[in-house]
Amino acid sequence: MELGQFSFGVGDRFGQEGRAQLAAFVEARRRGVTITPVWNKSNREHLIVKTDPAAVRAEADAAVAALGWRESYFVDADHIGLSTVDRFLTPCDFFTIDVADFIHRPPVDAALGEFVRANRKLCGAPAIADLSVPLRLDEALLIKIGRQYLAAVQEAGRVYRRIAAARGAGRAIIEVSMDETEQPQTPAELLLILAALSAEQVPLQTIAPKFTGRFNKGVDYVGDVRQLEKEFNDDLAIIAWAVPRFGLPKNLKLSVHSGSDKFSIYRPLRRCLEKHGAGVHLKTAGTTWLEEVAAVAEADADGLVFVREIYSEALTRLDELCAPYAAVIDIRRQRLPGAATVAGWSGADFAAAIRHEPGAPAFNADLRQLLHVSYKLAAQRKDRWENLLQRHADAIGRQVTHNLFERHLRPLFV
Ligand SMILES: [Zn+2]
């Protein structure tokens with residue numbers, strides 16, 4: 001299985017918007033750009049919404065059949081590890097192996113010794129074109145990087161072998177993710193991570209490093225855009241150099257997680273991709289749920305009552321809802337409107353506060369982030385919520401498609 005040059009991960013917490021999501025890819029295709037849709041849902045989301053990976057597969061297959069999509073598409077076991085991969089093995093054909101928890105675990109001495117021996121040939125100043133700063137490697141740096149990353153790479157190898165044993169070699173797209181960590185990887189680190197993954201025979205087609213700045217869920221990038229562009233360029237240069245030398249899959253590309261809504265980096269990102277002729281995988285962060293909330297708020301009185309109820313409860317359970325997402329949200333509590341204020345809002349007011357139209361005066365990024373992590377509260381009222389989703393399917397679907405195509409696929413790829 002091979003992942004195309006451009007691929008885009010969509011999440012759908014309540015599993016109702018598969019067709020509306022795919023319609024955005026159909027529109028891009030109509031304009032001459034093929035982007036591979038990948039439906040992703042993490043184990044955490046499955047546990048919260050009480051769904052099964054097989055449901056994501058069914059949703060994807062149904063959407064593809066309904067819209068007559070003839071290009072490839074995948075279902076991603078998002079952020080899995082050895083303890084969670086099993087129930088994804090049959091329904092999924094894309095696996096995001098998350099080894100961030102294994103970074104900084106010391107490897108065994110023999111493995112570290114082997115890593116240093118195998119990579120000594122890279123020491124000195126390997127001539128890698130297009131790096132912002134020429135790379136310099138020595139044995140001390142090899143040891144340091146091995147101590148930091150080798151255990152994580154070995155864990156990726158173990159997870160990959162479990163997948164390959166169950167599905168057969170070549171029967172899955174493999175991504176390795178190290179994004180949920182504190183520090184961005186340097187070019188030297190990325191190079192050696194790729195060398196080690198090659199030695200572990202992990203045929204990864206995408207890698208998700210940690211980038212500089214904040215990739216908060218559902219809102220724009222926060223950080224130094226120029227630094228990010230430089231890092232992105234460096235990473236592309238490293239990958240281009242590493243692929244033929246380490247025998248990695250030719251289509252290996254970067255994966256950008258929580259990439260939805262990062263409007264301020266799309267132009268630089270596109271510039272980097274064009275410069276290198278590179279591809280990218282970009283994952284959205286379950287923001288289809290927010291499109292649903294906005295559309296339901298506007299749709300009718302029941303919808304507005306429901307979303308107000310969710311929001312008032314979210315305010316009282318803020319710490320609990322935010323805790324699992326602490327590293328990927330930044331909510332300024334003083335900017336959250338009180339429940340009494342929101343009780344006076346119309347559906348249109350509510351929608352305007354959370355819909356991500358940059359520069360729109362009513363937009364409230366703090367409210368949007370809080371609602372983003374509040375899908376659990378809708379999951380606890382699943383019957384009522386699904387009833388609203390079904391009743392307003394057309395209006396919601398239009399917004400889901402519009403959000404994906406106009407705000408994401410178009411600026412990035414079309
Ligand atoms: Zn991620």
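Points worth noting:
- Residues that are more than 16 Å from the ligand (Cβ to nearest atom) and either surrounded by 24 or more Cβ atoms within 10 Å (Cβ to Cβ) or farther than 22 Å from Arg117 by Cβ (or both), drawn from the range 143-157: Ile145, Tyr149, Leu150, Val153
- Checking Arg117, Arg147, Arg87 one by one, the residue that is without any contact (Cβ under 8 Å) to a residue 60 or more places away in the chain and under 25 Å from Val10 (Cα atoms) is Arg87 and no other.
- In the range 96-136, the residue that is farthest from the ligand (Cβ to nearest atom) out of those that are among the polar types (S, T, N, Q) and in contact with an Asp or Glu (Cβ under 6 Å, 6 or more places away or on another chain) is Ser132.
- Checking Lys41 against (1) surrounded by 22 or more Cβ atoms within 10 Å (Cβ to Cβ); (2) within 16 Å of the ligand (Cβ to nearest atom); (3) more than 15 Å from the chain's Cα centre (by Cα), the condition it does not meet: (3)
- Considering each residue of the range 131-140 in turn, at least one proves to be assigned to a strand (DSSP E or B) and either crowded, with 16+ Cβ neighbours inside 10 Å or aromatic (Phe, Trp, Tyr) (or both).
- Among residues of the range 203-216 that are within 13 Å of Glu231 (Cβ to Cβ), those with a Cβ under 6 angstrom from a residue that is away from the ligand (no atom under 15 Å from the Cβ) and among the polar types (S, T, N, Q), sequence gap 6+ or separate chain, pair up as Thr212/Gln227.
- Within the range 239-248, one or more residues are closer than 24 Å to Leu409 by Cβ, touching a helix residue (DSSP H, G or I) at 6+ places or on another chain (Cβ under 8 Å) and more than 16 Å from the ligand (Cβ to nearest atom).
- Some residue of the range 206-217 being within 16 Å of the ligand (Cβ to nearest atom), in the same structural domain as Thr96 (by TED's automatic domain parsing), modelled with pLDDT of 95 or more and under 16 Å from Gly4 (Cα atoms): yes
- Scanning the range 41-59 for residues that are touching a Phe, Trp or Tyr at 6+ places or on another chain (Cβ under 6 Å) and among the β-branched types (Val, Ile, Thr) turns up just one, Val56.
- Scanning the range 84-107 for residues that are within 10 Å of Ile163 (Cβ to Cβ) and among the aliphatic types (A, V, I, L, M) returns Val85, Leu89, Ile97.
- If you go through the range 166-186 and keep only what is more than 16 Å from the ligand (Cβ to nearest atom) and under 23 Å from Val38 (Cβ atoms), you end up with Ala166, Arg167, Gly168, Ala169, Gly170, Arg171, Ala172.
- Of the listed requirements (1) in contact with a helix residue (DSSP H, G or I) (Cβ under 7 Å, 6 or more places away or on another chain); (2) surrounded by fewer than 18 Cβ atoms within 10 Å (Cβ to Cβ); (3) part of a loop (DSSP other than H, G, I, E, B), Gly359 misses just one: (1).
- Within the range 382-414, the residues that satisfy the criterion of being among the hydrophobic types (A, V, I, L, M, F, W, C) and touching a strand residue (DSSP E or B) at 6+ places or on another chain (Cβ under 8 Å) are Leu404, Leu409, Leu412, Phe413.
- Number of residues in the range 272-293 that are basic (Lys, Arg) and within 16 Å of the ligand (Cβ to nearest atom) equals 1.
The values are calculated or read from the model by the stated rules, or taken from the named source; none is laboratory data. As the structure is a prediction and not an experimental result, all values here were calculated from the model. Every residue, glycine as well, gets a Cβ built from its backbone with ideal geometry; the counts of neighbours run over all protein chains shown.
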